[in-house]
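Right, one structure below, let's go through it.
The values are calculated or read from the model by the stated rules, or taken from the named source; none is laboratory data. Fair warning: this is a prediction, and the values are worked out from it, not measured in the lab. As a convention, Cβ positions derive from the backbone with ideal geometry for all residues, glycine included, and neighbour counts pool all protein chains shown.
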Amino acid sequence: MDNFIVRALRHIGHTVIDGIWRLGYASRFFLLVLLRSGPSFRRFPLTVREIYFAGVLSLIIILVSGLFVGMVLGLQGYDTLQRYGSAEAVGTLVALSLVRELGPVVAALLFASRAGSAMTAEIGLMKATEQITALDMMAVDPIARIVGPRFWAGVISMPLLAALFSAMGIFGGYLIAVVLLGVDAGAFWSQMQASVDLRNDVMNGVIKSIVFGIAVTAIALFEGYDAPPTAEGVSGATTRTVVTSSLAVLALDFVLTAFMFRGI
Amino acid sequence: METVLSDNLVEIDNVEFRYDVRAVLKGIDMQFPRGRVVSIMGLSGCGKTTTLKLIGGQLKPSSGQVRVAGRPVHQLAMQELYDLRRRMGMLFQFGALFTDMSVFDNVAFQLREHSELSERTIRDLVLMKLNAVGLRGAQDLMPSELSGGMARRVALARAIALDPMLILYDEPFAGLDPISLGVIGNLIRRLNDALGATSIVVTHDVQESLKIVDYVYFMSEGVVVAQGTPAQIMESKEDYVRQFVYGQMDGPVPFQYPGAPYAQDLRLEARVAPTGTAHG
């Protein structure tokens, strides 16, 4: 019995110490990526290449998802608003939901599963096949050559993807509300224009998507770089990327929304 | 102050290395003279790859000193270490080619990273290196299209791209067919002599490496147990060396991994006892 308690306490202790150690290691890694960004920027074509892999290749899933989310918002919004005789306000509802919340959050979740997991798997496999060590032995800093360009590609791509998600969603809402359900097009657009504020709504959404971009990309890169160099190690790291970055996006969304909340 | 050039490019003085508390190297001394091909041999886990990593500056010794070209590798700052590594080439066990680049780009990688040479000059240099390993015709292939032996040769061309003074080989013969084995062995010797470099070959392939090396260090459990020229090694009377060189099944390195007595594991003793008492 005593043994069991000692073992359990030891296990808890190990888990906590490991967790804190890993957090410290991840913070140092993140700091190193920022500090060595200079050499990364000197290799800007590499960043452009990564923007293509992380951003451009994510376009299809982002655009299609945005369209469907917007169409669902159009249907649900119309159904609710028409009970109060204000079906024209569906444009406002769709735009504000997307620009403030759904655009940055859903785009970040999709980005984590589409691009984040790919980054983790790629870097994990590079580590497993000694490519990272080879770089280091060739006097080329792997953080500046491999991690930096991917990090900045993620940070640059994320707000653009979120903006495209929102734009596509608004178009989806327009298709449902105006084309399918017959809401007046002038009222749809003018109400939207009157109620969506550039600084408080659009800019806040952009800030959110930048923060999510930093979080998702940093987690994905760290997990890849820290992955044990085995098949199980890489697959575990890929799973952790999707789970951790999704949770981080949702938690950060709450914190940021709380800061941006203007009260009544 | 004038730097005194030693005849040895790499010197290892009384080096110990521990992973946590486990001692991997227990005070080794080695010298690698300039222009020579020296091999470090031993069973897996004897500490030979750790020694190679210490020379390359990937690990730091727990005590003792590793000097390359007279400079203590483990005391260098990152930039100094990188400056030194530009004069080293390393061939990894499975090549470690960059899988997203063609053969040509792999070999050109260091030239593009570390020199201001024009693309035209880089092209000529890369083709010369590829020609030296017999793969000029494969320049446009991707690493996934190469056989194991070809990948190793491309990696060798990449390792010598900057004409290094020191070339480190980590198990260069592992997993190769007999023809590739001979090709890689010959290339190690020929390239070393052509470049005037020094080569350190970590391997457990006795027959192949004894044909090409000038000197051999034998390691076992973190210590150097024997050393000498290939001829001395072949005639060695030491049990460990004889077992290793002639591939004998049993010797100082036992065939059986230590464990409980065989009879006990098969529960022979347990079976005998109850039978005796049942009839008693």
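A quick yes/no check of all residues on (1) modelled with pLDDT of 95 or more; (2) under 14 Å from A:LEU160 (Cβ atoms):
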| site | (1), (2) |
| --- | --- |
| A:SER65 | yes, no |
| A:LEU81 | no, no |
| A:TYR84 | no, no |
| A:PRO104 | yes, yes |
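Residues checked against (1) out of contact with any His (no Cβ under 7 Å at 6 or more places or on another chain); (2) farther than 29 Å from A:GLU232 by Cβ; (3) of a type outside the set (Gly, Ala, Ser):
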| position | (1), (2), (3) |
| --- | --- |
| A:VAL48 | yes, yes, yes |
| A:VAL69 | yes, yes, yes |
| A:ALA107 | yes, yes, no |
| A:SER117 | yes, no, no |
| A:ASP141 | yes, no, yes |
| A:ALA153 | yes, no, no |
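In the range B:24-43, is there at least one residue being within 14 Å of chain A (Cβ to nearest Cβ) and outside any loop (DSSP other than H, G, I, E, B)? Break it down into steps so the answer makes sense when it comes.
Going through the range B:24-43, the residues within 14 Å of chain A (Cβ to nearest Cβ) turn out to be none.
No.
Take the residues of the range B:151-183 that are under 17 Å from B:MET41 (Cβ atoms) and among the charged types (D, E, K, R): which is modelled with the lowest pLDDT?
Here the answer is B:GLU171.
Please determine whether any residue of the range B:123-142 is within 17 Å of A:GLN131 (Cβ to Cβ), crowded, with 20+ Cβ neighbours inside 10 Å and touching a helix residue (DSSP H, G or I) at 6+ places or on another chain (Cβ under 7 Å).
To start, the set of residues in the range B:123-142 that are within 17 Å of A:GLN131 (Cβ to Cβ) comprises B:142.
Checking which are crowded, with 20+ Cβ neighbours inside 10 Å leaves us with none.
Looking for residues that are within 17 Å of A:GLN131 (Cβ to Cβ), crowded, with 20+ Cβ neighbours inside 10 Å and touching a helix residue (DSSP H, G or I) at 6+ places or on another chain (Cβ under 7 Å), one finds none in the range B:123-142, hence no.
Let me spell it out: the conditions are (1) surrounded by 20 or more Cβ atoms within 10 Å (Cβ to Cβ); (2) touching a Lys or Arg at 6+ places or on another chain (Cβ under 6 Å), and A:ILE61 meets all of them except one. Which number is the exception?
A:ILE61 satisfies all of (1) surrounded by 20 or more Cβ atoms within 10 Å (Cβ to Cβ); (2) touching a Lys or Arg at 6+ places or on another chain (Cβ under 6 Å) except (1).
For B:LEU9, state whether it is within 30 Å of B:GLY247 (Cβ to Cβ), assigned to a strand (DSSP E or B), away from chain A (no Cβ under 14 Å) and touching a Pro at 6+ places or on another chain (Cβ under 8 Å).
Numbers: within 30 Å of B:GLY247 (Cβ to Cβ): no; assigned to a strand (DSSP E or B): yes; away from chain A (no Cβ under 14 Å): yes; touching a Pro at 6+ places or on another chain (Cβ under 8 Å): yes.
Here the answer is no, as B:LEU9 does not meet what is asked.
If you go through the range B:106-117 one residue at a time, how many are outside any loop (DSSP other than H, G, I, E, B) and either of a type outside the set (A, V, I, L, M, F, W, C) or more than 10 Å from chain A (Cβ to nearest Cβ) (or both)?
As a first pass, look at the range B:106-117 and keep what is outside any loop (DSSP other than H, G, I, E, B): B:106-114.
This time we only want the ones that are either of a type outside the set (A, V, I, L, M, F, W, C) or more than 10 Å from chain A (Cβ to nearest Cβ) (or both), so: B:106-108, B:110-114.
Summing the residues that are outside any loop (DSSP other than H, G, I, E, B) and either of a type outside the set (A, V, I, L, M, F, W, C) or more than 10 Å from chain A (Cβ to nearest Cβ) (or both) in the range B:106-117 gives 8.
What are the pairs with Cβ atoms under 6 angstrom where one residue, in the range B:59-79, is more than 20 Å from B:PHE32 (Cα to Cα) and the other, located anywhere, is basic (Lys, Arg) and loosely packed, with under 15 Cβ neighbours inside 10 Å? Sequence gap at least six, or different chains.
B:SER62/B:ARG18
Considering only the range B:11-26, I want to know if a residue exists there that is without any contact (Cβ under 8 Å) to a residue 40 or more places away in the chain and acidic (Asp, Glu). Quick ask: steps written out before the conclusion?
So the first thing to find is which residues in the range B:11-26 are without any contact (Cβ under 8 Å) to a residue 40 or more places away in the chain, and the list is B:19-22.
Within this subset, residues satisfying the condition of being acidic (Asp, Glu) are B:20.
Yes: one or more hits.
Can you list the helices (runs of 4 or more DSSP H) found entirely within the range A:86-180 that contain at least 1 residues being at negative phi, within 14 Å of another protein chain (Cβ to nearest Cβ) and touching a strand residue (DSSP E or B) at 6+ places or on another chain (Cβ under 8 Å)? Write out each step before concluding.
Working: elements: A:90-96, A:103-111, A:117-128, A:131-137, A:148-174.
Of the helices (runs of 4 or more DSSP H) lying wholly inside the range A:86-180, those with at least 1 residues that are at negative phi, within 14 Å of another protein chain (Cβ to nearest Cβ) and touching a strand residue (DSSP E or B) at 6+ places or on another chain (Cβ under 8 Å) span A:131-137.
Among the helices (runs of 4 or more DSSP H) confined wholly to the range B:194-275, which include 1 or more residues that are at pLDDT 85 or above?
Working: elements: B:206-212, B:230-234, B:239-245, B:262-265.
Passing ranges, in order: B:206-212, B:230-234.
Would you pick out the residues in the range B:57-76 that are closer than 19 Å to B:GLY89 by Cβ, of a type outside the set (A, V, I, L, M) and in contact with a strand residue (DSSP E or B) (Cβ under 6 Å, 6 or more places away or on another chain)?
Across the range B:57-76, the qualifying residue is only B:ARG67.
For the range B:20-68, which positions are among the hydroxyl-bearing types (Ser, Thr, Tyr) and under 25 Å from B:GLU80 (Cα atoms)? Give the steps one after another, and end with the answer.
First pass over the range B:20-68, keeping only residues among the hydroxyl-bearing types (Ser, Thr, Tyr): B:39, B:44, B:49-51, B:62-63.
B:THR49, B:THR50, B:THR51, B:SER62, B:SER63 - these are the residues of the range B:20-68 that are among the hydroxyl-bearing types (Ser, Thr, Tyr) and under 25 Å from B:GLU80 (Cα atoms).
Would you tally the residues in the range B:60-105 being in a loop (DSSP other than H, G, I, E, B), within 14 Å of chain A (Cβ to nearest Cβ) and either crowded, with 20+ Cβ neighbours inside 10 Å or acidic (Asp, Glu) (or both)?
Within the range B:60-105, residues that are in a loop (DSSP other than H, G, I, E, B), within 14 Å of chain A (Cβ to nearest Cβ) and either crowded, with 20+ Cβ neighbours inside 10 Å or acidic (Asp, Glu) (or both) number 5.
Residue-by-condition table, conditions (1) touching an Asp or Glu at 6+ places or on another chain (Cβ under 8 Å); (2) surrounded by 13 or more Cβ atoms within 10 Å (Cβ to Cβ); (3) touching a residue at least 40 places away in the same chain (Cβ under 8 Å):
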| position | (1), (2), (3) |
| --- | --- |
| A:ILE176 | no, yes, yes |
| A:PHE212 | yes, yes, yes |
| A:THR217 | no, yes, yes |
| A:LEU221 | no, yes, yes |
| A:ALA251 | no, no, no |
